[in-house]
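K.L.:
The structure is given below, and queries will be raised subsequently.
The values are calculated or read from the model by the stated rules, or taken from the named source; none is laboratory data. This is a predicted model, so every value here is computed, not measured. For neighbour counting, all protein chains shown are included, and Cβ atoms are generated from backbone atoms with ideal geometry for every residue, glycine included.
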Amino acid sequence: MSTKFPKSESVDIMLFSEGTYPYIKGGVSSWLLQLMKGLPQFSFGVCFIGATPYIDGKLMQISYEFPLNLKHLEVHYLFDDEEDNRSPKKLKGNKEGFEAIKELYKSFQTNSAEMPQMLQDIDFYLKDVTFEDFLYSQRAWDFLTQTYEKNCPDIPFIDYFWTLRNIHKPIWILAQIVKDLPKTKIYHSPSTGYAGYLGMLASYTNKRPFLLTEHGIYTRERKIDMLSADWIEYKKPNLLQSPEEFNYIKRMWINFFDKIGLFCYYRANHIISLFNGAKNIQISLGAPEQKTKVIPNGVDVDALMQTLPLRESIPKPVITLIGRVVPIKDIMTFIRAIKIVSLTIPDIEGWIVGPVDEDQEYVAECQKMAVSLGLKSDTQTFHDNKSDMSFEELEQSSDIIKLFGHSDIKKILPKSTLQTLTSISEGMPLVILEGFAAGVPCVATDVGSCRDLIEGGLNDEDKSIGKAGAVTGIANPDALAKEYIRFLNFQSGEWKKAQEAGLTRVQKYYRQEMFLKEYADLYNQALELNWDELEETLWPE
């Protein structure tokens, strides 16, 4: 596998990848690769931004081959302290620059959707108020202490100081990235957050169109992350807390990402979602409705249907969860549900298929739970996302819960009776559509577009196709187990009806070529318009 990054002075489309391609398999990474490979008429660049070069203490490794039309790839880290070798120095600080920062803070307290004009220019970050100014200048210190005393004097100052520093540090890094990007015709981000900020700032700087596709609603997912995080646990004594009060530090991060999302909506020429429910959420968060558009994901239906003859006429009771082994996928609820099913169907198997390198502590917790419930032996280890046992050895093992690591779904799906997702947050999961094309119904939690995909959410004709599985509430192993058992009763005919509905739905509405044509049309339209015409699609005054 190539590790040499392609470089180019110009590309048609620059994609901004926040913690996804080319390092993390599945999800948005698969989507980005699908987009590049499916549109060979365009040249692409990818600008990857991550927190640090490491996952669980191990250096990240490239997970994908590069398509021929990926002409440029660059990698940056926002919180890699090894690269921050600045020596403290005494500085006064630019007066006008810090007035602009005050305006930015004021905008966070209003419904203003546009980033203050002075901050739209990368020269502000590179010349007017450098990162050294923000770190070391007297004006920075005055600003920081004033906001602390005004907003949160009851929390430890050191927590406030480092939070403010870490919120702002990436912005200066992003400005430098924009300065050095190759010449680009269209900027395209698959999220708001830091990737969206990059796209927005590059669009302002170079006066080129900016497309925003949200796979999940970034601000909502970050709220889940922040509110469950334990990296800062400052709290007042319980007797002094108001019922609605929560960690001010976490709220600072949430407000930051909320506002960045609104800034991205303002600047984007098109705001794309994967399903109508996500579009409605975008509008509720401030996206102008006239700029929103739904483009569903699509899959290679024909290639996946070729796996149908490999399926046994009476399949083994195998329920497969394809996804990253991380808390947001709630793998533990799946394990609990399989335990419940095993009391009724002793030969049930629960297959967990997906990357295991993002949160090794959580992987270990899942394995311990499976062992403690008598569903798994405690012998398996992983190397580079692969189990130390072969696919055949795992398949033949006596374990009820089997962890395959990242595997070829064309080998997995023909042996799966049901597919499941137990996530607490999703966008539009490609794996559900891939399962439908391979003849596998799905039982999923009611998150993202799962209900639309399973029950038909595009229109009345889609709904009339029927249900390709079932939907349950989150964190409810009993409800999941009940649905698993219902479909595994083959005499009822429920499984066959769900399989037929899934095959019909994916062929009619979710073919890869439909998805690719929609993006090709958007790209071509953007390339043909001049900037003045493009600006007419921005947020109206």
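K.L.:
Looking at segment 284-318, which of its residues are assigned to a loop (DSSP other than H, G, I, E, B), in contact with a Gly (Cβ under 9 Å, 6 or more places away or on another chain) and among the β-branched types (Val, Ile, Thr)?
P.N.:
Across segment 284-318, the qualifying residue is only 307.
K.L.:
Within the group 535, 528, which residue is modelled with pLDDT under 95, surrounded by fewer than 16 Cβ atoms within 10 Å (Cβ to Cβ) and either touching a Leu at 6+ places or on another chain (Cβ under 6 Å) or closer than 30 Å to residue 112 by Cβ (or both)?
P.N.:
Among 535, 528, only 535 is modelled with pLDDT under 95, surrounded by fewer than 16 Cβ atoms within 10 Å (Cβ to Cβ) and either touching a Leu at 6+ places or on another chain (Cβ under 6 Å) or closer than 30 Å to residue 112 by Cβ (or both).
K.L.:
Just to be sure before I move on: is residue 416 closer than 29 Å to residue 33 by Cα and in the same structural domain as residue 502 (by TED's automatic domain parsing) in the structure I sent?
P.N.:
Yes, satisfied.
Conditions (1) charged (D, E, K, R); (2) outside the structural domain of residue 444 (by TED's automatic domain parsing), marked per residue:
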site	(1), (2)
248	no, yes
256	no, yes
278	no, yes
284	no, yes
293	yes, yes
314	no, no
324	yes, no
336	yes, no
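K.L.:
Please pick out the residue among 455, 434 that is buried (at least 22 other Cβ atoms within 10 Å of the Cβ) and within 24 Å of the chain's Cα centre (by Cα).
P.N.:
After applying the criteria, what remains is 434.
K.L.:
Continuing with this model, one more query. What are the pairs with Cβ atoms under 8 angstrom where one residue, in segment 459-483, is under 15 Å from residue 498 (Cβ atoms) and the other, located anywhere, is of a type in the set (Asp, Glu) and in a helix (DSSP H, G or I)? Sequence gap at least six, or different chains.
P.N.:
Close Cβ pairs satisfying both conditions: 463/455; 466/500; 467/455; 468/455; 469/483; 470/483; 471/455; 472/483.
K.L.:
Related question: What strands (runs of 3 or more DSSP E), lying completely within segment 347-430, carry at least 2 residues that are more than 30 Å from residue 458 (Cα to Cα)?
P.N.:
Hits in segment 347-430: 349-353, 401-405.
K.L.:
OK, next. So is residue 136 more than 21 Å from residue 259 (Cα to Cα), surrounded by 13 or more Cβ atoms within 10 Å (Cβ to Cβ), modelled with pLDDT under 80 and of a type outside the set (S, T, N, Q) or not?
P.N.:
For residue 136, the condition - more than 21 Å from residue 259 (Cα to Cα), surrounded by 13 or more Cβ atoms within 10 Å (Cβ to Cβ), modelled with pLDDT under 80 and of a type outside the set (S, T, N, Q) - is met.
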